[in-house]
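Beneath this line is the structure, given in structure tokens, with notes to follow.
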Number of protein chains: 2
Amino acid sequence: MSRRPFHRASEAVRRQDLIRATLDCISELGLRGATVREIAARAGVTPGLIRHYFSSKDQMLQDAYREVMTGMTSAVSAAADADQSNPRAKLHDFIVANLTPPVADGRTLSLWAAFISHVRVDPAFAEIHLESYLAFRSVLEALVADVLIEAGESPDAKRCRELAIAINGVIDGLWIEGTLVGHLFSETPLPGVAIKSVEALLGGISLAAKPQTN
Amino acid sequence: MSRRPFHRASEAVRRQDLIRATLDCISELGLRGATVREIAARAGVTPGLIRHYFSSKDQMLQDAYREVMTGMTSAVSAAADADQSNPRAKLHDFIVANLTPPVADGRTLSLWAAFISHVRVDPAFAEIHLESYLAFRSVLEALVADVLIEAGESPDAKRCRELAIAINGVIDGLWIEGTLVGHLFSETPLPGVAIKSVEALLGGISLAAKPQTN
DNA sequence: TTCGTTATTATACGGTTGAATAATTACGAG
DNA sequence: CTCGTAATTATTCAACCGTATAATAACGAA
């Protein structure tokens, strides 16, 4: 019966370790497998420590949810702002980033679905969902507006919103399908499908890196 | 301490009651709230009875998952075959059915998400997902092919599949958003957005009930 | 060094879980 | 009418859950 050796870490990395372990558990074992004991084991600490950093297990789950969503939005936003200044290229890269790893992978989708299934159950999760959804859509809406302006069209607010909603739908849907049964799309790469679809939604505006007559 | 009165029912209705109670629990309390005791209570039976009709709780969850998915696809298929013989009207009704109750409601989405989050965890759930996805897509693919034929275009297999994938994406994405935060779309009804989007994806083919020049 | 504070571990508790088994009741065959 | 079979209830069990509390070790200030 030797006592587990102490290992002190800063609050930042401890919280990060615990959240990462939480997400690992959920993605690999499901929500029911994400127990305080299993999470603590994977984080390399004892279960009691969780309630030293989080007021409850649910609190930790909510923080984990928030981190997943902000991580996704910031990842695709960064991809859009990466190198191009061309509005169409930015939207193009934004869409592709949504449908390629690390955003489009099984782990992320499992986490997203597990949390979504709790949105209607727990108001705290509903609020996190609403925040992250609006953040994502506002980014997309701005990208669409820039594309329309560059194409010489008037950036009508209502049309921008409607387009953003529809494009968001295409992205979400293909993200889910491609991640869950990705092996079915080896001959129909989804980023390509998405780009073509969005071009159609935009009324024929090309999103190719090198503008080509349409 | 009076003994609970016996109430015998046929195997069919018992299984149905138990599955319905299971789905109620999941949608209202989440997967962690779907315990054998709560499910049995809602079905009006004793917990032990569950394992008389299902080899395990997981087995019952899988049957419940299968029922949810077949219910959804059959509902939208029925909507497509309801009254119209016009291919475009059929596709139109199919899409609208996907984005209106009972398919598009919070309960169904919660169930879907809860199960999806288990697809990567349990191979049995993965198989059910694959089956239901392929069933849905094949229905949609046939509808798209008929529309293309009627429009005088060659129903190229690859194009049909690609269109079905993209349309499926639009439907899925809008279904999720509309169901989770439906109150945001009171001024932008999603069925309308979906129809306009699919028309764009189809290259301008109108899905309106009364064909109009495009 | 000393000592108070706090991060971390260890242990305990009441309640719940899925499953297994035993007891009881309804129903159908004969 | 009887009795065997199956459906349903009742009870039990070992394991596990989230949380609370106490013991201990590390760190920083003085």
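The values are calculated or read from the model by the stated rules, or taken from the named source; none is laboratory data. What you are looking at is a predicted structure, and each value in this text was computed from that prediction instead of being measured. Cβ placement follows ideal geometry from the backbone for every residue including glycine, while neighbour counts extend to all protein chains displayed.
Kindly provide the set of residues from segment A:26-80 that are among the aliphatic types (A, V, I, L, M), in a helix (DSSP H, G or I) and within 16 Å of DNA strand C (Cβ to nearest atom), ordered by number.
Once the filter is applied, which keeps residues that are among the aliphatic types (A, V, I, L, M), in a helix (DSSP H, G or I) and within 16 Å of DNA strand C (Cβ to nearest atom), segment A:26-80 yields A:LEU29, A:LEU31, A:VAL36, A:ILE39, A:ALA40, A:ALA41, A:ALA43, A:LEU49, A:ILE50, A:MET60.
I need every pair where a residue in segment A:184-195 that is among the polar types (S, T, N, Q) has its Cβ under 9 Å from the Cβ of a residue that is surrounded by 13 or more Cβ atoms within 10 Å (Cβ to Cβ), sequence separation at least 6 or different chains.
A:THR188/B:ARG161; A:THR188/B:GLU162; A:THR188/B:ILE165
Kindly indicate whether any position in segment B:69-79 is over 23 Å from B:GLU141 (Cβ atoms) and more than 10 Å from DNA strand D (Cβ to nearest atom).
No, there is no match, as no residue in segment B:69-79 is over 23 Å from B:GLU141 (Cβ atoms) and more than 10 Å from DNA strand D (Cβ to nearest atom).
If a residue has to be within 22 Å of the chain's Cα centre (by Cα) and β-branched (Val, Ile, Thr) to count, how many in segment A:130-167 make the cut?
4
Does B:THR35 satisfy the condition of being surrounded by 19 or more Cβ atoms within 10 Å (Cβ to Cβ) and modelled with pLDDT of 95 or more?
Spelling it out, it is not the case that B:THR35 is surrounded by 19 or more Cβ atoms within 10 Å (Cβ to Cβ) and modelled with pLDDT of 95 or more.
Scanning segment B:2-22 for residues that are over 16 Å from B:THR46 (Cβ atoms) and of a type in the set (Val, Ile, Thr), which turns out farthest from DNA strand D (Cβ to nearest atom)?
Checking each candidate, the answer is B:ILE19.
Does any residue of segment B:141-162 turn out to be aliphatic (A, V, I, L, M) and facing chain A (nearest Cβ under 8 Å)? Walk me through how you get there before you give the answer.
Our first condition is that a residue be aliphatic (A, V, I, L, M); within segment B:141-162, this holds for B:142-145, B:147-149, B:151, B:157.
Subsequent filtering for residues that are facing chain A (nearest Cβ under 8 Å) retains none.
Within segment B:141-162, none of the residues are aliphatic (A, V, I, L, M) and facing chain A (nearest Cβ under 8 Å).
Just to be sure I understand the filter: pairs with C-beta atoms under 7 Å, separated by 6 or more residues or on different chains, first member in segment B:22-44 and under 21 Å from A:HIS118 (Cβ atoms), second member assigned to a helix (DSSP H, G or I) and polar (S, T, N, Q). Which pairs pass?
Close Cβ pairs satisfying both conditions: B:ILE26/B:SER110; B:SER27/B:SER110; B:ALA34/B:THR22; B:ILE39/B:THR22.
Within segment B:105-125, which residues are surrounded by fewer than 21 Cβ atoms within 10 Å (Cβ to Cβ), more than 8 Å from every other protein chain (Cβ to nearest Cβ) and of a type in the set (A, V, I, L, M, F, W, C)?
Answer for segment B:105-125, where residues must be surrounded by fewer than 21 Cβ atoms within 10 Å (Cβ to Cβ), more than 8 Å from every other protein chain (Cβ to nearest Cβ) and of a type in the set (A, V, I, L, M, F, W, C): just B:ALA124.
Find the helices (runs of 4 or more DSSP H) located wholly in segment A:92-201 whose residues include 1 or more that are within 30 Å of B:GLY30 (Cβ to Cβ) and touching a Lys or Arg at 6+ places or on another chain (Cβ under 9 Å), and list them.
The helices (runs of 4 or more DSSP H) meeting that bar are A:106-116, A:123-150, A:157-180.
Residues A:THR46, A:THR22: which one is surrounded by fewer than 14 Cβ atoms within 10 Å (Cβ to Cβ), polar (S, T, N, Q) and not assigned by TED's automatic domain parsing to the domain that holds A:PHE115?
Details: A:THR22 fails: surrounded by fewer than 14 Cβ atoms within 10 Å (Cβ to Cβ).
So the residue among A:THR46, A:THR22 that is surrounded by fewer than 14 Cβ atoms within 10 Å (Cβ to Cβ), polar (S, T, N, Q) and not assigned by TED's automatic domain parsing to the domain that holds A:PHE115 is A:THR46.
Here's a check for you: in segment A:185-201, which residue that is more than 8 Å from every other protein chain (Cβ to nearest Cβ) and touching a helix residue (DSSP H, G or I) at 6+ places or on another chain (Cβ under 8 Å) is surrounded by the fewest Cβ atoms within 10 Å (Cβ to Cβ)?
Looking at residues that are more than 8 Å from every other protein chain (Cβ to nearest Cβ) and touching a helix residue (DSSP H, G or I) at 6+ places or on another chain (Cβ under 8 Å), I get A:PRO191.
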